[in-house]
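Structure first, then comments.
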Amino acid sequence: MATDKYDVVIVGAGPVGLMLSTCLARWGYKIKHIDNRSEPTATGRADGIQPRSLDLLRNMGLKRKIMEYEPAKVYEVAFWDPSAQGIHRTGTWASCPKFIDARHPFTTLLHQGMIERVFIEDMEKHGTHVQRPWTITGFKNDGADPVYPVEVKLAHVDGTLSETVRAKYLFSGEGARSFVRDQLKIGIKYKDPISNVWGVMDGVVRTNFPDIKMKCTIHSDAGSIMVIPRENNMVRLYIQIASSSEPDFNPRKTATAEDVQQKAKDILKPYTISWDRVEWFSVYPIGQGIAERYTLDERVFMGGDACHTHSPKAGQGMNTAFLDAVNLAWKIHHVESGFAPRSLLSTYESERKLIAENLLDFDARYAKLFSARLPSAGEVAGASTSSTDAEENEFIKTFKASCEFTSGYGVAYNPNTINWGPSHPAQHPLILSYEKGTTLRTGRTLIPATVTRVVDANVVHLEQEIPLNGSYRVYIFAGNPSTTHTALRDLAMHMATPSSFFATFLKYADTGVDRYHEKHNPHTGFLSLCTVFNAPRSAIEIDDMLPDVFARYRDHVYADDVWDQRVPDAKAAAHAKMGLDEEKGGVVVVRPDGYVGVVVRLEEGPGTCEALDMYFGAVTGRKMGGERAAL
């Protein structure tokens with residue numbers, strides 16, 4: 001009997017596996033997706049979607065589905081510390097402060113099962129289903145089939161059924177107890193030994209605690225607690241059960257739900273709390289660990305909790321998993337589409353492992369401070385009687401300093417072939433670097449900008465206009481039309497040469513298919529083009545002002561005519577926010593996952609296209625440019 005063959009086998013239907021499956025299913029890949037649970041997550045587990053992740057979900061068209069569940073939204077965090085009477089509020093701080101330019105300056109809170117359902121529905125629309133309850137029993141990259149080199153053995157969890165399939169790739173999203181990781185003998189490096197044990201409880205409560213609808217960090221003489229509001233009138237409490245500072249500390253200490261409830265009551269005094277019902281309860285030790293490798297052969301990959309474990313209180317686990325998956329998804333897509341060499345896949349581990357290491361460093365500091373003993377009630381009472389401006393303790397200082405990281409906007413990838421830097425193979429005088437012609441930093445997300453779409457006069461968010469479709473996004477900030485007319489014509493002319501970054505992949509367009517209504521990728525799946533003029537919408541005539549190649553993307557022509565409070569004196573706010581010359585503009589290349597790849601000055605002559613050819617030549621592993629354009 002013939003062996004079934006798949007592009008990707010995905011093991012585990014948590015956030016990382018579902019995000020990877022959703023992306024690849026949309027892009028037409030054949031996927032075998034299994035999970036060892038008979039049903040999706042019913043209660044508990046991860047619950048926080050950070051602002052950057054909400055941007056990503058919106059870019060996928062899934063944010064509205066998430067919001068239909070009416071999640072709690074956390075705009076502020078309240079801090080409570082010991083006082084003579086028990087605890088008192090010492091201050092509040094924005095969850096996503098104003099210095100972060102965020103479209104959604106809040107954390108969205110709802111249980112993981114609801115989030116999973118949104119992904120599963122989308123996957124099923126695109127022909128991919130999660131096979132339950134099945135598990136992986138073995139695998140090997142034996143190369144017996146050069147196109148599908150990985151053999152994967154699967155079985156029903158009750159042992160009654162089994163099958164062997166072949167795949168181009170195998171992905172483990174199994175969580176912390178990963179069979180794939182164990183078989184590969186990839187070790188977990190622990191940053192710190194387990195130093196704290198926590199209980200987590202979801203439920204509906206009755207309380208006179210005034211901030212029960214807020215996210216709170218509470219320290220008292222009786223211990224520490226974190227309050228997280230949830231959907232459907234629920235609240236999640238993280239309660240410290242044991243600490244290594246205690247003489248009889250036991251990292252395997254456990255507790256009943258009643259023990260944890262009593263502990264919460266003691267910590268919250270002088271306020272009272274009782275439970276109408278408990279939805280979910282668990283006890284877990286905190287240990288910060290990271291896998292030594294994410295792949296050994298760039299055929300078998302891991303992501304999410306299989307690669308990094310940490311405390312859940314900073315709300316990063318699911319968000320980091322989402323970005324692991326998107327990072328890998330577009331790279332597999334570009335390799336399999338012929339847009340990039342296989343070496344692109346090596347950047348998955350180097351980029352995502354760095355982010356996980358940064359997360360674990362932050363999480364260790366955060367968890368240590370959260371579990372630390374703070375001044376006693378008597379000490380606070382004595383120190384605070386004559387002062388209204390108490391000095392911020394280290395926990396609050398760490399929280400404030402880390403807001404950019406916890407919101408997701410602090411993710412910064414190092415220079416490599418896809419993120420331009422001083423040692424990048426593409427070196428051209430028109431390439432701009434941070435604070436030298438642009439405020440954009442390669443390896444970081446595009447700065448948000450609001451513009452007016454010319455074809456329908458809709459005011460839109462530029463960074464959301466091209467969906468997560470696996471394409472590079474090339475934003476041509478075209479400055480003043482009277483200034484840049486020749487530069488735009490020259491860029492279009494040089495892009496028409498057969499070996500340019502644009503023309504190289506035109507043969508991958510769907511020939512013979514009517515593409516009149518295709519607004520994002522009319523020419524090629526490799527990239528999409530946007531043009532942004534420093535001019536009022538009423539003054540822009542697309543066919544008169546743009547060469548044909550740019551005019552074809554008429555749904556992506558914009559007027560930079562919307563005022564922005566962050567650059568109040570700018571005439572073209574989007575140009576100004578990118579740090580580009582408002583008259584002369586520039587070109588910004590953004591990776592398919594939303595991170596800036598390179599920024600190039602827009603000038604008359606061949607230079608702008610040459611610089612883009614050099615960058616994309618390095619990205620794709622092809623020689624680009626060097627030919628004369630034919631008029």
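Listed by position, the strands (runs of 3 or more DSSP E) enclosed by the stretch 405-482 that each have at least 1 residues that are closer than 27 Å to His334 by Cα are 431-434, 459-461, 472-479. Looking across the stretch 112-136, the residues that are farther than 22 Å from Glu163 by Cα and aliphatic (A, V, I, L, M) come down to Met114, Ile115, Val118, Ile120, Met123. Candidates are the residues of the stretch 27-58 that are assigned to a loop (DSSP other than H, G, I, E, B) and acidic (Asp, Glu); the one that is nearest to Val200 (Cα to Cα) is Asp47.
Scanning the stretch 324-350 for residues that are buried (at least 21 other Cβ atoms within 10 Å of the Cβ) and either among the polar types (S, T, N, Q) or not assigned by TED's automatic domain parsing to the domain that holds Leu20 (or both) yields one hit, Asn327. When Gly173 is tested against (1) at pLDDT below 95; (2) buried (at least 16 other Cβ atoms within 10 Å of the Cβ); (3) under 30 Å from Glu231 (Cβ atoms); (4) small (Gly, Ala, Ser), just one condition goes unmet, and that condition is (1). For first residues located in the stretch 605-617 and under 19 Å from Ile418 (Cβ atoms), partners that are among the aromatic types (Phe, Trp, Tyr) and outside any helix (DSSP H, G or I) and lie 6+ apart or on another chain with Cβ distances below 6 Å form the pairs Leu612/Phe501; Asp613/Phe501; Phe616/Phe501. May I ask you to verify whether Glu163 is in contact with a Lys or Arg (Cβ under 6 Å, 6 or more places away or on another chain) and either in a strand (DSSP E or B) or of a type in the set (S, T, N, Q) (or both)? Judged against the criteria, Glu163 is not a match. In the stretch 102-141, the qualifying residues are those that are assigned to a loop (DSSP other than H, G, I, E, B) and among the aliphatic types (A, V, I, L, M), and the one that is nearest to Met201 (Cα to Cα) is Leu110.
Evaluation of Gly525 against the conditions (1) under 20 Å from Leu612 (Cβ atoms); (2) small (Gly, Ala, Ser); (3) modelled with pLDDT of 95 or more shows that the sole unmet condition is (3). Scanning the stretch 576-607 for residues that are over 25 Å from Met493 (Cα atoms), assigned to a loop (DSSP other than H, G, I, E, B) and of a type in the set (A, V, I, L, M, F, W, C) returns a single hit, Met578. Ser433 meets the conditions (1) modelled with pLDDT of 95 or more; (2) under 17 Å from the mean Cα position of the chain (by Cα); (3) farther than 20 Å from Asn534 by Cβ in every case but one. The failed one is (2). Residues that are more than 25 Å from the chain's Cα centre (by Cα) and more than 20 Å from Pro422 (Cα to Cα) within the stretch 592-601 are absent altogether. Among the residues of this structure, Val147 counts as one that is aliphatic (A, V, I, L, M), surrounded by fewer than 21 Cβ atoms within 10 Å (Cβ to Cβ) and at pLDDT 95 or above.
The values are calculated or read from the model by the stated rules, or taken from the named source; none is laboratory data. Computed from a prediction, not measured in an experiment: that's the story for all the values here. Note: ideal-geometry Cβ built from the backbone for every residue, glycine included; neighbour counts use all protein chains shown.
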